[in-house]
Amino acid sequence: MALKRIGDILVQEGVLTEESLIEALKKQQKDERLGETLVRLQILNESQILKALEDTTGVMRVSLANYTIDENALKLVDENFCRRNHCIPLRLDGNKIHFATYDPLDYAVFEEIRAITGRRPKAFSAPKNEIITQIEKYYGFTRTLEALGVKQNIIIDETEDESEYDDTPMVKLVNQILSSAVFQRASDIHIDPLDDKVLVRYRVDGILEEVREFPIKIHNQMISRIKVMSGMDITETRIPQDGRIQTLIQQKSIDLRISTLPTVRGEKVVMRILDLSGAMSKIKNIGLDPKEERLVRDMIAQPNGIVLVSGPTGSGKTTTLYACLNELNDPNVNIVTVEDPVEIKVEGINQVQVHPEVNMTFASALRSILRQDPNIIMIGEIRDVETAEISIRASLTGHLVLSTIHTNDAVKTIMRLLDMSIEPFLLASSLTGVISQRLVRRLCTECSYFDEPNPSEVAMFKRYAIDLEKVKRPKGCPSCNFKGFAGRVGIFEVLPIKAELQKLISEKAPLNVLERAARQQGTMNLLQAGLQKVKQGITTLEEVMKVAVE
């Protein structure tokens, strides 16, 4: 009966003709749902079927690609039941259990879930392949731990010999941790040893979240496996080590930078994830508004000079630099970079890795690069006076230099370079522009909603003479894992060094005078840039205030 209803709905919605429905019913195989038959015969695709069901039944679709499933919900439903019925529990909500299903009209499954869990089921629809992927991913952890002789709810006898464990399940467990992190778009994986357990946390959109707990018994095996993969010394546990893994996860080329740190409870591991398949952005995709984008393009179009990108660690400086290099990359120019480490290998660019242990520093590499007839030089970071001086000398001799520097905003970057004892007249004539940036979480486009601004928001916008009628608020839905946010976007302070600023820099003017001149030439500070993103409904004032101060 449910199958007939799906057919009726699809015909009613105009996505299926009566003739095609009759043809599909004739060719429907035993134990095959009508939706599966339509997809197999290529009459409709899954998305068309789910959209029609959503419009008719009100059952929302959920994107499982970015969804973190609640472990407590998984424990209530057996893996075999999920595989048999193409469904998976998502989360607990009071006395309700949310679950994703391929067939939101199969009410028999609803009643079985109610009987199994003792909770009221609330259905969401999702493509079958996404559900199967999630079943494999989440229930796979449990099977792997059982293969290791470990169960989450028992304590292993400490006298057990570790050599009894088979190596293969641990390989699989580490691979599952990596695959799960990539699946959830995590930027970092933290593995922290505690007194009685190992905590695995992912940093997603800048927020660190606890995702798994494992028995402390398997900690040493897990760390050893990661060390083997990244080429570290597995016998050395007293000093920090660094390593690197390049691998393919879910058909994506992934670069992992591994760092170990000895703590009193054991070795902590942090893995930085870099998705090489989508690492090279274009300038138009990094979040600049049209005016800022024009200024940045003007800066990097100069034949010589220095363009600096400033901000704290994790603010997206490297992404911005590579976006600029991506635009400049051309067979007619010689581009050389010196980095520590080389994060993204780019065709057509000569990339140099720093090796301080053999005196291959930024400064020494730069001296050699200048003898290689470069047009454009990218320096991973200006860390010291020597590197800054060589960079300025390179820009004055006809090279375009791109680099990053750790400062809070664009004007403070100028002060930092002057504090490094760089001659003011040299800095004034060589510095083309400074881009200061931060990352804020982007509101989910599926569930964010317009609301009246509160008095504090009105006051903040009024202070900067910005009209504000409505603001967008986060709500939370299956698409964003009920966080209200999905992904991140940059806010930028783009400061071109024009004639007035050049004059003030050469005179070594104080910070407040430089800031006044920057505002007079129309440069928005980070807070103002963030307020514009709030007005456009891209993020919230709370997110902006986390990274930008008045």
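Each reported figure results from applying straightforward, stated rules to the coordinates on display, with no laboratory input. Computed from a predicted model, the values in this text were never measured in an experiment. Neighbour counts run over all protein chains shown; Cβ positions are idealised from the backbone, glycine included.
Shown here is the pair-distance distribution of the chain: with all Cα-Cα distances grouped in 20 Å bins from zero up to the longest one, the shares run 18, 42, 32, 8, 0 percent. Residue-wise HN-Hα couplings along region 185-190, as the Karplus relation 6.51 cos²θ - 1.76 cosθ + 1.60 with θ = phi - 60° gives them from phi, are 6, 6, 9, 9, 10, 10 Hz; Gly and Pro carry x. Across the cross-link table entries LYS128/LYS475; LYS227/LYS412; LYS291/LYS508; LYS470/LYS498; LYS291/LYS472, which are compared at the Cα atoms, the separations over 32 Å belong to LYS227/LYS412; LYS470/LYS498.
In this structure, the amide hydrogen of LEU194, modeled 1.01 Å from its nitrogen in the peptide plane, lies closer than 5 angstrom to those of LEU199, counting only residues at least 5 positions away or on a different chain. For the chain, the longest principal axis of the Cα atoms and the long axis of helix 385-396 meet at an angle of about 80 degrees.
Debye-formula intensities of region 1-140, expressed as log10 I(q)/I(0) at q = 0.17 Å⁻¹, are -0.91 (one equal scatterer per alpha-carbon, no solvent).
Within the chain, antiparallel bridges make up roughly 65 percent of the DSSP beta bridges whose residues both belong there. Taking the three principal axes of the alpha carbon atoms in region 5-54, the coordinate ranges are 26, 19, 18 Å, sorted in descending order.
Placing a pseudo-label 7 Å from each Cα along the Cα-to-Cβ vector at VAL264 and LYS284 gives an inter-label distance of 5.6 nm. As a ratio to 2.2 N^0.38 Å, the alpha-carbon radius of gyration for region 285-413 is 1.00.
Measuring nothing but how far apart in sequence close Cα pairs (under 8 Å, 6+ apart) lie, relative to its length, the chain scores a relative contact order of 9 percent. Using the average count of surrounding beta-carbon atoms within 10 Å as a protection proxy, the listed peptides 103-115, 355-367, 317-329 rank, highest first, as 317-329, 103-115, 355-367.
For LYS30, the aspartates and glutamates whose Cα falls under 18 Å of its own Cα, not counting residues fewer than eight places away in the same chain, are ASP103, ASP106.
Each residue of region 471-482 was assigned a 3J(HN,Hα) from its phi angle through the Karplus curve 6.51 cos²θ - 1.76 cosθ + 1.60 (θ = phi - 60°); the sequence is 10, 9, 10, x, 10, x, 8, x, 5, 9, 6, 6 Hz, with glycine and proline shown as x. Placing unit charges on the Cβ atoms only, positive for Lys and Arg and negative for Asp and Glu, gives the chain a dipole magnitude near 1200 debye about its Cα centre.
Compute the helix-to-body angle for 107-117: its Cα long axis versus the longest principal axis of the chain, expressed 0 to 90° and rounded to tens. For 107-117 against the chain, the angle is about 80 degrees. Sparse packing (at most 15 other Cβ atoms within 10 Å of the Cβ) combined with a DSSP loop state is found for the following GluC sites (Glu not before Pro) in region 186-277: GLU236.
Expressed as an acute angle from 0 to 90° and rounded to the nearest 10, what is the orientation of the C-alpha long axis of helix 167-183 relative to the principal long axis of the chain? Helix 167-183 and the main axis of the chain meet at about 70 degrees. Computed per residue of the chain from DSSP H runs no shorter than four, each worth -39500 (n - 2.57), the mean residue ellipticity at 222 nm is -11500 deg cm²/dmol. Can you grab the distance from the C-alpha centre of region 462-480 to the C-alpha centre of region 39-101, Å, no decimals? One Cα centre to the other: 30 Å.
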